[in-house]
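Peer 1: Let me give you the structure first, and then I'll get to my questions.
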Amino acid sequence: MTTSIERPAATPARIGQGTAVEQSRAIAQVQAAVLIAQQCPRDVPSALAEMRESCAQIRLAEKAFFRFPRAGSQVSGPSIHLARELARAWGNLDYGLVEMRRDDAFKQSEMLAFAWDLQRNTRNSSTFIVPHVRDSRKGPEVLTDMRDVYENNANNGARRVREAIFAVLPRWVVDEAIELCNKTLQNGGGVPLPTRIANAVEKFADMKISVDQLEAKVGLPTGKWTAVDLAQLTVIYGSIQRGEVKSEDEFPPRRVTAEEITASTPKSKSKPAPTAPEHNGHEPGTFDTDCPGCEYSREMDRKAAEQ
């Protein structure tokens with residue numbers, strides 16, 4: 001009996017001129033970035049002021065949190081959008097995602113996510129494998145299209161990049177940003193709460209989500225919603241838009257009970273039996289053509305014979 005051993009795809013032995021130039025350029029770029037970061041250190045008060053200004057914007061606050069299902073519960077937290085904005089405001093911070101190797105034979109990619117504070121020389125990185133597989137209702141689906149593989153790698157890598165950025169940023173900066181974004185969501189950019197509630201109901205209606213489902217989710221009628229309730233719905237709406245959760249998972253269709261079906265079904269009313277007209281007082285046992293009672297009796301006898 002012969003045993004076949006599968007070997008990984010061989011790494012190209014020849015490096016092209018463009019690749020060699022890119023490698024040299026990348027090394028020089030990193031060295032220059034570190035040198036500039038040391039010569040031009042960040043101004044922490046200015047960085048904090050810019051962070052606070054960004055977190056006061058409703059557009060950022062609406063994308064600042066994610067939500068997805070896991071093990072029968074919902075997991076939420078600060079998103080990659082907030083992490084990137086904090087990295088930009090903090091300054092002297094490099095981050096990214098690199099596909100180091102793609103193995104089409106084993107249907108997987110080897111990825112590297114990193115974040116590097118060039119000024120403090122604090123770096124966080126993680127290497128991980130991303131299978132070219134997408135979960136579906138019918139089970140795992142193998143990806144063959146190049147665009148699907150790219151999007152799958154990017155989606156899986158974004159979570160690692162987010163955690164890498166948060167790992168090199170001061171924790172108190174991240175906590176303050178989360179708190180400010182929550183306040184911005186609750187404030188709604190200065191728009192009155194009733195108007196924001198009406199706008200939210202309209203947006204969810206475009207997703208085929210009814211007011212009854214929203215009220216069941218919050219646990220209160222729309223007239224009693226608070227800014228906190230609306231902020232939570234805003235996070236859910238953004239997560240549905242980004243495909244992190246499904247609308248049917250967050251807003252399951254309402255089940256109708258047997259009592260409600262019975263109560264809503266109109267009861268059929270039985271028609272009273274027609275009353276036989278009276279005879280006009282002719283001799284009993286005789287038939288009178290002008291008597292309504294005699295005509296009714298003859299009609300009933302005819303119908304009975306036909307049946």
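Where a number appears in this text, it was derived from the coordinates with a stated rule and is not lab data. Since the model is a prediction, treat every value here as computed from it, not as a measurement. Here the Cβ positions follow ideal geometry from the backbone for every residue, glycine too, while neighbour counts run over all protein chains shown.
Peer 1: Take the Cα coordinates of the range 46-178, assign each an equal point scatterer, and use the Debye formula without solvent to give log10 I(q)/I(0) at q = 0.15 Å⁻¹.
Peer 2: -0.82
Peer 1: Along Cα→Cβ, 7 Å out, is where each label goes; now give me the distance between the ones at Ser136 and Glu151 in nm to one decimal.
Peer 2: Between Ser136 and Glu151, the label points sit 1.3 nm apart.
Peer 1: Turning to a different aspect of this structure: How long are the three semi-axes of the equivalent ellipsoid for the range 163-247, computed from the Cα gyration tensor as the root of 5 times each eigenvalue, in whole Å, largest first?
Peer 2: 27, 16, 10
Peer 1: Take Arg84 and Lys246, extend 7 Å from each Cα along the Cα→Cβ direction, and tell me the distance between the two endpoints in nm.
Peer 2: 2.7 nm
Peer 1: Considering only Cα-Cα distances, which of the following residue pairs are longer than 32 Å: Lys138/Lys224; Lys107/Lys217; Lys183/Lys203; Lys107/Lys183; Lys224/Lys246?
Peer 2: Flagged as over cut-off: Lys138/Lys224; Lys107/Lys217; Lys107/Lys183.
Peer 1: Also: Amide H of Glu141: which non-local residues (sequence gap of 5 or more, or other chain) have their own amide H closer than 5 Å, using H built in the peptide plane?
Peer 2: Excluding prolines and chain starts, which carry no amide H, the hits are Arg134, Asp135, Ser136.
Peer 1: Arrange the peptides 192-200, 89-97 so that the one whose residues have, on average, the most other Cβ atoms within 10 Å appears first.
Peer 2: Output ranking for 192-200, 89-97: 89-97, 192-200.
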